[in-house]
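J.: Before anything else, here's the structure in question.
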Amino acid sequence: MKRTIKVLTVTDLHRVRSLYELLGKAVASHQPDIVVLVGDFLDAGGEHADQFSTAECAAFLGRLACKELVFVRGNHEDSNWWEFLAAWQATGRPLHALDRAAFVHGPLVMVGFPCLMGDETAFVESLNNREDRRGDHDENPLAWLPKALLPHGAAARTLWLMHEPPAGTPLSKAGSVVGGNPEWTSAIERYSPWLTVSGHDHVTPRRSGRWHCRVGRTVCVNAGQSDSGPLHYCVIAAEFASDRPALPRRMTIQAQPGGEAVQLPS
């Protein structure tokens, strides 16, 4: 029985009201099963007139017309995460916050990486009541990643979510504060996931016109982000042979705006 799961990924919204509103329109248009916020959907800076409050962000996201929402921490999810959690509870939706852990939706398995910038205390402490996560906060991916992958076998190599891009690629500016993470590059080279999605560097992908590249056999994506629109995001359609967790038969990744697509395997 063939099954296709559609995922919309977006990064670096920074509470900007217009970007959130464009996300709502994108979700209504593409009708994804899952929306993934790959970091910096909140903002640790001051309040600005063009920004939602943290509580407004939670309320807006809770109203999105999708089956599941998944959150991965960026460097701007700080102590504001506690306020977000309180507001999220009022939405009545389950919280899927990934930190060195996997999320399973039918046959699709995705793995959420930590962000090694900023203060992760609130994000990590909010997950401490999960038995599978206690004591598992090592920054070295070779310490925590095998434990996250092992229960899911090859299926855990489908989609990795990491706010910081892998280092040594065109997806971030080398030597800058938004430069890539070399540990993520090493993990990709070791395990060869099909696809990684990152953000953090808003500008380099837009300036270079390069929203994807390869590290070995892995396709790595950073769609970038604009401060005021149009919204930059990706739509992933993964086709599976059944409902059991597995690698997809094929997967298409389309970047917006523009609509350029990459297909896997290729």
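A short reminder: the numbers here are calculations on the coordinates, not readings from a lab. Source: prediction; values computed, not measured. When we count neighbours, we look across all protein chains shown, and the Cβ atoms used for this are built from the backbone with ideal geometry, even at glycine.
J.: If you find the alpha carbon centre of segment 1-74 and of segment 226-266, how far apart are they in angstrom?
T.: 16
J.: OK, next. With an 8 Å cut-off on Cα pairs and a minimum separation of 6 or more residues, tell me the relative contact order of the chain in percent.
T.: 21
J.: When Lys and Arg each count +1 and Asp and Glu each count -1, what net charge do the other residues less than 14 Å away from Ile5, Cβ to Cβ, add up to?
T.: Charge balance near Ile5 sits at +3.
J.: Also, I was wondering about something else. For every helix of n ≥ 4 consecutive DSSP H residues, a contribution of -39,500 (n - 2.57) applies; sum these over the chain, divide by its total residues, and give [θ] at 222 nm rounded to the nearest 500 deg cm²/dmol.
T.: For the chain, the value works out to -6500 deg cm²/dmol.
J.: Something else about it: Using a 10 Å cut-off around each Cβ, can you sort Met110, Met251, Met117 from fewest to most neighbouring Cβ atoms?
T.: Listed from fewest to most nearby Cβ atoms, that is Met117, Met251, Met110.
J.: Going through the cross-link list Lys6/Lys173; Lys25/Lys67; Lys2/Lys25, which pairs have a Cα-Cα distance over 22 Å in this structure?
T.: Going by Cα-Cα distance, Lys6/Lys173; Lys2/Lys25 fall outside the 22 Å limit.
J.: With only Lys, Arg, Asp and Glu charged, each at its Cβ (+1 for the first two, -1 for the last two), find how big the charge dipole of the chain is about the Cα centre; round to the nearest 20 debye.
T.: 1300
J.: Related question: Expressed as a rounded percentage, what relative contact order does segment 142-266 have, with Cα pairs under 8 Å and six or more residues apart?
T.: About 20 percent, as a whole number.
J.: Still on this model: For percent of Cα pairs over 26 Å apart, several values are listed as (1) 58; (2) 35; (3) 45; flag the one computed from this structure.
T.: Matching the structure shown: (2).
J.: Got a sec? How would Ser18, Ser29 order by Cβ neighbour count within 10 Å, fewest to most?
T.: With the fewest neighbours first, Ser18, Ser29 line up as Ser29, Ser18.
J.: What is segment 5-158 by shape, rounded, prolate or oblate, if you read a ≥ b ≥ c off the alpha carbon gyration tensor as root eigenvalues and call it rounded for a/c under 1.5, prolate for a/b larger than b/c, and oblate otherwise?
T.: oblate
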